[in-house]
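The values are calculated or read from the model by the stated rules, or taken from the named source; none is laboratory data. Only a predicted model underlies this, so the values are computations on that prediction, with no experimental measurement involved. Here Cβ is always computed from backbone atoms with ideal geometry, including for glycine, and neighbour counts include all displayed protein chains. Each accessible area value is taken on the protein alone, full model and side chains, heavy atoms only, with ligands, DNA and RNA left out. Shrake-Rupley method; radii C 1.70, N 1.55, O 1.52, S 1.80 Å.
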There are 2 protein chains.
Amino acid sequence: MSARAYLVDDDEAIRDSLGWLLESRGVACESYPSAEDFLATWEPSLAGCLLLDIRMDGMSGPELFDILCERGSTLPVIFLTGHGDVPMAVSALKKGAFDFVEKPCNDNELVNRVIEALKLDENRRAAASGADSVNARVNRLTTREQQVMELILAGKLNKVIADELQISMRTVEVHRANLFEKMGVRTAVELAQLLAGKR
Amino acid sequence: MSARAYLVDDDEAIRDSLGWLLESRGVACESYPSAEDFLATWEPSLAGCLLLDIRMDGMSGPELFDILCERGSTLPVIFLTGHGDVPMAVSALKKGAFDFVEKPCNDNELVNRVIEALKLDENRRAAASGADSVNARVNRLTTREQQVMELILAGKLNKVIADELQISMRTVEVHRANLFEKMGVRTAVELAQLLAGKR
DNA sequence: GTGCATATTGTGGAAATCCGCAAGATCGCC
DNA sequence: GGCGATCTTGCGGATTTCCACAATATGCAC
């Protein structure tokens, strides 16, 4: 499923006009008539951004946003509202909403925001995939190799590691070489930088 | 100068009442009748938070905020406004304002926000001082030592470093030992972790 | 000129790392 | 029982690091 704008609004006229606007600017778009409908479809891999009406029958926009956040969604959310409400805007933005715009709004502005949001999501996913590949590599390490890695990252010498793990230095050397191989690094420094901030 | 709430509002009545409210809750407070007055006093070392009225004679709150941001201020800013304006709230928060509250507002709420803002600033400064101490140490390194450090962080062996810098291995060893000493680390791994994310 | 910081190099030895070669033990799975 | 993954160890040599001792050169500031 490629990246697209997910539009959630209970007003069919708005879904149609906004959907047409976005498509006409080259932004793929998918519409949902209720928060519940979108929530049923949502999964963490959905990429793109979310255009969310505030007031809807059933679940409100902010309620959906809260639930998605709890479930680990990082989808940038642009709130749409017909009735200006400062506290709600403040609350939404402080919770991490991408934007909060009042209807009616300038078409160009809105499309630009959507494009910005799509770009943000793309960048985030690119960064996360890097982290994932590192995690995947860490998980391929055997238990012993992970233990040795911890001690290497603590800056300890092989002899000290051998002592702490109650094994011979030679064994430590073997684990060390194997885990470097698996992690795709050639020195302890590279390893430290690869895992910077991950422990 | 200890941390405090800086209150900027052109309405003397509000300065007095808000100042009294904050003081009565144990929050040190300092008032300014105009954005220009505060700007004249401001310096990067000012710690605490800023309570900023939107509409004022002369420079407006958002204008002051923009200028402070340009000058590198990290002071959390709470905007105060009497006339709800969603686009302005959105703009302020997206630029990094801490909060945006409408007057009149609940006293307890406001004091709580101020306390949160003060805590945020304190945490930020604590984190920054750690980073600063690292930067200070880096700055104490000589040019050559910094060059050698870069290459060490690139995971290169002393012999390679010697080759690239066109100096003897022995000299690299000397620089290496000296910079480790100055940076307060004992291994290249510790060095890499100390500078994680800083280059 | 003197003094200080910086940069440079050499010698030589102790300590540590890196690595190929070889091999034994355990454990779970088919 | 056999196979594969994992953990383990030893030997020996090449390579690298670490460091004390010793020394020369340059440039800047007082």
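Which number comes out as Rg/Rh for the range B:23-108 once both Rg and the Kirkwood Rh are worked out on C-alpha atoms?
Values: Rg = 12.7 Å, Rh = 13.5 Å.
With Rg and the Kirkwood Rh in hand, the quotient comes to 0.94.
Which residues' amide hydrogens lie under 5 Å from the amide hydrogen of A:LEU7, considering only partners 5 or more residues apart or on another chain, with H built in the peptide plane?
Under 5 Å from the amide H of A:LEU7: A:GLU30, A:SER31, A:TYR32, A:LEU51.
For the range B:140-194, state the average projected area of the convex hull of the C-alpha atoms over all orientations, rounded to one decimal in nm².
Values: hull surface 13.1 nm².
Taking the Cα atoms of the range B:140-194, their convex hull projects to 3.3 nm² on average.
Given the protein chains as shown and a 1.4 Å probe, how many square angstrom of B:LEU18 are accessible, to the nearest 10?
20 Å²
Tell me, Kirkwood radius of chain A from alpha-carbon pair distances, in Å?
Numbers: mean 1/r = 0.0504 Å⁻¹.
Every distinct Cα pair counted, the radius reaches 19.8 Å.
Give me the percent relative contact order of chain A, please, defined on Cα pairs under 8 angstrom at least 6 residues apart.
Working: 236 pairs, mean separation 30.4, N = 199.
Value for chain A: 15 percent.
Exceeding 25 Å between C-alpha atoms, which entries from my cross-link table qualify? They are A:LYS119/A:LYS182; A:LYS156/A:LYS182; A:LYS119/B:LYS103. Walk me through the intermediate numbers first.
Numbers: A:LYS119/A:LYS182 33 Å; A:LYS156/A:LYS182 20 Å; A:LYS119/B:LYS103 36 Å.
Pairs exceeding the cut-off: A:LYS119/A:LYS182; A:LYS119/B:LYS103.
Can you give the FRET efficiency for B:ARG71 and B:SER91, using 1/(1 + (r/R0)^6), R0 = 22 Å, r = Cβ-Cβ distance, to the nearest 0.05?
Working: r = 19 Å, r/R0 = 0.87.
The value I calculate is 0.70.
In degrees between 0 and 90, to the nearest 10, how far off the longest principal axis of chain A does helix A:12-24 point, with axes built from Cα atoms?
On a 0 to 90 degree scale, this one is about 60.
In nm, to one decimal, how far is the modelled label at B:ALA3 from the one at B:SER45, with both set 7 Å along Cα→Cβ?
With each label point 7 Å from Cα toward Cβ, the separation is 1.8 nm.
What number comes out for accessible area per residue over the range A:141-194 if the probe is 1.4 Å? Units Å², please.
On the way: 2860 Å² over 54 residues.
Averaged over the residues of the range A:141-194, the accessible area is 53 Å².
What list of ³J(HN,Hα) couplings, whole Hz, do you get for the range A:28-35 from phi and the Karplus terms 6.51, -1.76, 1.60, once you set θ to phi - 60° and write x for glycine and proline?
After applying 6.51 cos²θ - 1.76 cosθ + 1.60, I find 4, 9, 9, 10, 9, x, 7, 4 Hz.
Tell me, what ³J(HN,Hα) does each residue in the range B:127-139 have, in order and in whole Hz, if you take phi through Karplus 6.51 cos²θ - 1.76 cosθ + 1.60 with θ = phi - 60° and put x for Gly and Pro?
Result, rounded to whole Hz: 5, 5, 5, x, 4, 4, 5, 5, 4, 4, 5, 4, 5.
To the nearest 10 degrees, how steep is helix B:143-153 against the longest Cα principal axis of chain B, on a 0 to 90 scale?
Helix B:143-153 and the main axis of chain B meet at about 90 degrees.
Amide H to amide H under 5 Å from A:GLY48: which residues, 5+ apart in sequence or cross-chain, H placed 1.01 Å off N in plane?
HN-HN under 5 Å from A:GLY48: A:ARG4.
Please report, in whole Å, how far the alpha carbons of the protein assembly as shown spread along each principal axis, starting with the longest.
71, 55, 41
Taking the Cα centre of the protein assembly as shown as origin, sum charge times position over the Cβ atoms of Lys and Arg (+1) and Asp and Glu (-1), and report the length of that vector in debye to the nearest 20. Display every interim value, and only then the final one.
Details: 46 positive and 62 negative charges, 677 e Å.
That gives the protein assembly as shown a dipole magnitude of about 3240 debye.
Once both axes come from the Cα atoms, what is the angle between helix A:61-70 and the longest principal axis of chain A, in degrees from 0 to 90, rounded to 10?
Between helix and principal axis, roughly 10 degrees.
Starting from the amide H of B:PHE100, placed 1.01 Å from N in the peptide plane, find each other amide H under 5 Å away whose residue is 5 or more places distant or on another chain.
HN-HN under 5 Å from B:PHE100: B:PHE79.
Under 18 Å from the Cα of A:LYS95, which aspartates and glutamates turn up, not counting those fewer than eight places away in the same chain?
In chain and number order, the partners are A:ASP53, A:GLU63, A:ASP66, A:GLU70, A:ASP85, A:ASP121, B:ASP99, B:GLU109, B:GLU116.
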